[in-house]
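The next block holds one structure in the form of C-alpha cells; read it before the comments.
The values are calculated or read from the model by the stated rules, or taken from the named source; none is laboratory data. Predicted model, so just to flag it, every value in this text is computed and none were measured. So basically every Cβ, Gly included, is an ideal-geometry build from the backbone, and we count neighbours across all protein chains shown. Only protein heavy atoms, including side chains, enter the accessible area calculation; ligands, DNA and RNA are left aside. Shrake-Rupley method; radii C 1.70, N 1.55, O 1.52, S 1.80 Å.
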Amino acid sequence: MHLVIVVAICAYVFMFCWVGLNSAAVYLTVVTLIANPIVILLKRAQKPKASRLLLVMICNIDLFVCSSFLGHEGNLHFYCLPFLALSLLLFKPDEFRWSILSAALTSATGILVSAKWQAAVNVSLLSQSGFITRFALLNFIGAFLMSATFLFMFLIKIRRHESVIEDLLSRAASKIDLLREANQKIESAHLALVEQKDFLQTIIDASPSIFFVRNSAGVYTHCNLAFEKAFNISRAKLIGSSPQDLFAARDVDLLTKESRFVFETGSSKNLEYLLPTAQGPLWYFLSYFPIKDSSGEVTAVGGIISNIHQEKILRSHHESLFLALEDSAIVAMTDSRGKITFANKKFVEISGFEEHELLGQDHRILNSGFHSKEFFSDLWRTIAATNTWSGEIQNRRKDGSTYWVHTTIAPIKLPGTEEVGYVSIRFDITKQKEAQRTLLHSSKMASLGEMAGGIAHEINTPLAIIVGHAEMAKMRLKNDCHRDDLLVPLKKIETTVDRIAKIVTGLRTFSRNADEDPMVEADLREILESTLELCSEKFKNSGVTLNQNLECDIKVLCRPAQISQVAMNLLNNAFDAISGRDEKWIDISVFKNDQDVAISVTDSGQGIDSKTVSKMMEPFFTTKEPGSGTGLGLSIASGIAKSHGGNLTYDSKCPNTRFTLELPVCHFRDDAGKKIAL
Amino acid sequence: MSLTGLKILVVEDDPDLRDLLANFFVLEGAIARQAQNGQIAFEMIGQEPFDFIVTDVRMPGGDGITLIKQTMASFPSPPKIFVCSGFNDLTKAQFLALGAVDVFVKPFSVESLVGTLARAMTKK
C-alpha cells in the first residue's frame with residue numbers, strides 16, 4: 001500500500017510539472033495529498049469505516065470537480081484517474097459496492113451539474129472542442145466502464161466468495177455431519193460401554209464368589225453383590241474405602257500383604273484363609289490377580305474369593321476319617337478285576353508283603369487254602385452284583401503263617417470314571433478267633449466237667465453199695481463162717497472201689513472251672529495222687545515208667561482243682577514229648593523248704609531248645625500239630641501258678657526236661673508271732 | 001450188735017443202697033425203716049418216733065436238705081440226722097450248720113457209718 005501511495009505522489013508530481021499550476025488542481029492535489037495519509041492512518045488505527053468514508057468523500061469530490069470541469073481543462077480528468085484507481089485499490093472487495101455506487105452517483109451528479117452549467121453558459125456538450133468533450137465523455141465512459149468492471153469483478157468475487165462460502169458452508173456442514181456422526185458413534189459407543197459395564201456387573205453380581213478390585217492406593221474400586229452380602233457393607237460405602245476401614249487389623253495385614261505381592265511381582269497369588277464374615281468365620285479361597293494397563297504396568301489388583309468352608313470342613317472331615325481308618329483298619333482297593341490298586345500301611349504290616357509286591361496282584365496271593373473255592377466264588381458273585389460282602393477270612397502272610405480277618409468288601413465307583421472298583425476294610429481278628437477256640441475248648445471242658453460231676457455222682461452210689469456189700473460179707477464171714485481166705489478178695493474189692501473213687505474225684509476236680517474256688521488248705525499229696533490216678537493207666541499202657549516222690553506231708557493254701565490241672569498239664573506234656581523215644585519215664589517229685597514247696601515233673605526228654613523256651617509260656621504257642629492242643633496249657637498253668645503266689649519254671653540246667661511248679665507254703669503264726677509252716 | 005434198741009429211718013432213693021443200709025442196721029440190732037424220698041420220710045417222722053435218720057441228699061420228690069430243715073423246724077426234739085452226700089452237695093460245715101450230726105461222703109465205708117451211729121447212741 002505504501003508503494004501505491006508513493007506512485008500516486010509521483011504521479012501527482014508529474015502531473016504538476018506537466019500541467020502547471022492551476023487553482024482547482026492545486027486545491028485538489030493538496031487536499032488529496034493530505035487526505036490520503038489520513039485515510040491510511042485511519043485504516044491503520046483500525047477505523048476502517050472512518051477511513052472508507054473519508055476516501056469515498058475525497059474520491060467523490062475529485063470526481064465531482066473533474067466532471068464539472070468537463071468543458072474546461074480536460075486534463076484535470078487525469079488527476080482523478082490515478083486517484084480513483086488508488087482509492088479503489090484501497091477499498092476492500094466488499095466495499096466496492098459502496099465506492100462504485102457513490103462514484104457513479106457522484107459522476108452522474110457532476111455531469112448533470114456540468115451539463116446544467118454548460119447549458120447556463122450556453123455551451124453544448126458536443127459543441128465544444130470535440131476533443132475535450134469526447135475526452136470527457138470517454139473519461140466518463142471509462143469511469144463507468146471501470147465502475148462496471150469493478151462491479152462485475154465484485155459480483156464475480158462475491159459469487160466466488162459465495163461459492164467459497166457455500167463450499168465452506170457445505171464443508172462445514174459435512175464436517176458438522178461428520179461431527180454429528182462421530183458424536184453419535186461416541187454416544188453409541190458410550191452406550192455400548194455402559195451396557196457392557198452393566199453386563200459385566202450383572203455377571204459378577206450373579207457369581208456366588210466375592211469379587212473386588214483395589215487400586216494402587218489400596219482403595220476399593222469395584223465389588224459385587226456377594227461382597228456386600230458377605231461383609232454386610234453396601235457398595236456405596238465400600239467403593240472408595242480401604243481394607244483398614246472395614247476389617248480387623250490382623251486380617252488387613254494379611255490381605256494387603258498379598259495384594260502388595262501381586263502389585264510388586266505382577267503375578268497372581270492364591271491362598272486359603274479364615275475370613276470374618278457376617279455369618280461368623282468361614283474358610284475362603286482367595287485368588288488375587290494383577291490388572292495391567294497396555295504398557296504392562298500393574299494398575300490394580302483384582303480378587304476373587306470363593307467360599308470353600310463346606311468343602312474344607314468336608315475335606316478335613318474326610319481326612320480325619322481316612323486317617324482314623326488308616327490307623328485302625330486294613331484297607332485295600334482293587335479295580336474291577338480284583339487287582340490291588342491301593343494297600344494301606346496296616347495291610348503291608350500284617351501281610352508281610354511290601355507295597356509294591358501287593359499292587360497289581362489280586363487277593364490270591366493271600367490265599368491260605370482254608371476256604372473252599374465255593375466260598376470265594378460266592379464272595380465274587382455277591383460283590384459283582386454290587387452288593388457288600390462281609391465275613392471272616394483266613395489269610396496267609398508272605399512267610400506262610402496265617403491270620404484271621406473280618407472283612408467287608410464293598411463295590412465303589414472309581415473317582416473320575418464310570419468303572420466299578422472294590423474297597424475292602426479288614427480287621428485283624430486272629431486273637432478273637434483264638435479266644436473263641438479257647439472258649440469253645442473251655443466250654444467243652446466245662447460241660448465235660450459237669451458231665452464228669454454228674455457221672456461221679458451216679459458212680460458214687462453204686463460204689464457205696466459195692467463197698468457196703470463187701471463189708472457186710474466180711475462181717476458175716478467173721479461172725480458165721482470162718483472162711484478167712486475170702487477176706488482177701490473182699491478187701492481187694494474195697495481197695496479197688498477206693499481207687500475208682502479216686503479216679504472219679506480226680507476227673508471231676510480236674511474238669512471243674514476252679515477260678516472262683518476259694519483258696520483252701522489242702523493236702524498236696526492227695527491232690528497229686530488223685531491226678532496221677534487219671535494218668536497211671538495211660539502211662540502203663542504206653543510203657544512209660546512213672547516215678548513218684550510224694551512222701552512229704554504238706555498242706556498248701558490253694559485251689560485244689562487248679563493244682564490238679566497244672567499237674568495234669570505237665571504230665572500230659574511230658575507224656576506227649578517222650579512218645580517217640582526209646583527211653584520213657586516221667587518223674588514227679590515234691591521238694592519242700594521253709595518258704596515254698598516245689599512240684600517237679602521231669603520226663604526222659606533231652607530238654608527244650610532256647611528258642612522254644614522263650615516262647616512256650618505264650619498263649620497259643622505250640623510245637624504240636626495244628627489241631628492237637630490249643631497251645632494254652634502252659635500259659636494257663638503259668639497263670640494259675642502266679643495266682644497262687646507261685647511260679648511255673650523250666651529248669652534249663654537239668655539234662656532232661658523238667659518243669660517245676662513252686663507254691664508258697666501255708667503259714668500260720670504261733671503265739672509268739674513267729675511264722676510256722678504247716 | 002452195736003445198734004440195739006435204735007429206730008433208724010433210712011432215706012435214700014437208690015433201692016439197693018437203701019436195702020443195704022437197712023440190712024446192715026438190722027444186722028447190728030436196730031429197727032430200720034425205709035423211705036425213698038424226703039417227703040415220705042417227713043411224713044413217717046411225724047407218725048413214728050425215730051432215733052436216727054440216715055439220709056441221702058439228692059432224691060426225686062424231696063431232697064435231704066429240705067428234710068433236715070423241716071425236721072429241725074417242726075420237732076422240738078428231732079431225731080439225729082446223718083447225711084450221706086455226693087460231691088456237689090453242701091460242705092460238711094454247711095450240713096452241720098443246718099442241724100445234721102455228721103456227714104459221710106459217698107462212697108463211704110458202711111462200717112465207719114455204723115461205728116459213728118453207735119457212738120452217737122451212747123452220747124444220748
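Distance between the modelled labels on A:L486 and B:T91, one decimal in nanometres: 4.3 nm (7 Å Cα→Cβ projection).
By the rule of a C-alpha distance below 16 Å, with chain neighbours fewer than 8 residues away ignored, the aspartates and glutamates paired with A:K175 are A:E166, A:D167. Averaging 1/r over each pair of different alpha-carbon atoms in the range A:207-313 and inverting the result gives 13.9 Å, the Kirkwood hydrodynamic radius.
Among the trypsin sites (Lys or Arg not before Pro) within the range A:372-481, those in coil by DSSP and having at most 16 neighbouring Cβ atoms inside 10 Å are A:R397, A:K398.
Which lysines have a Cα lying under 16 Å from the Cα of A:K492, excluding residues fewer than 8 positions away in the same chain? Counting by Cα, and skipping residues close in sequence, A:K492 has these lysines nearby: A:K474, A:K502. Of all aspartates and glutamates in the structure, the ones whose alpha carbon falls short of 16 Å from that of B:K92, not counting any fewer than 8 places away in one chain, are A:E521, B:D56, B:D102. Computing FRET efficiency as 1/(1 + (r/R0)^6) for A:K433 and A:D651, where r is the C-beta to C-beta distance and R0 is 45 Å, gives about 0.85. On the beta carbon distance between A:K373 and A:S614, with R0 = 51 Å, the FRET formula returns roughly 0.80. Potential lengthening of the chain between A:L477 and A:I186 amounts to 89.8 nm, from the contour at 0.36 nm per residue minus the alpha-carbon distance. Full extension of the chain segment joining A:L254 with A:E625 gains 126.5 nm, where the gain is 0.36 nm per residue of separation less the Cα-Cα distance. Seen from all directions on average, chain B presents a Cα convex hull projection of 6.7 nm². Rounded to the nearest 10 Å², what accessible area does A:I350 have for a 1.4 Å probe in the complete protein model? In the full protein context, A:I350 sits at about 20 Å². Shown for the range A:514-678: lysine pairs separated by 8 or more places, or found on different chains, whose C-alpha atoms are under 27 Å apart, numbering 28.
For the range A:297-386, give the percent of accessible area contributed by carbon and sulfur heavy atoms, probe 1.4 Å, rounded to a whole number. Write down the numbers at each step before the final one.
Details: 3040 of 5360 Å².
Carbon-and-sulfur percentage of accessible area, whole number: 57.
Within chain B, no whole DSSP H helix has Cα atoms reaching 24 Å or more along its own axis together with a mean Kyte-Doolittle score of at least 1.6.
Legend: residues A:W585, A:W404, sorted from most to least accessible area (1.4 Å probe; ligands, DNA and RNA excluded), read A:W585, A:W404.
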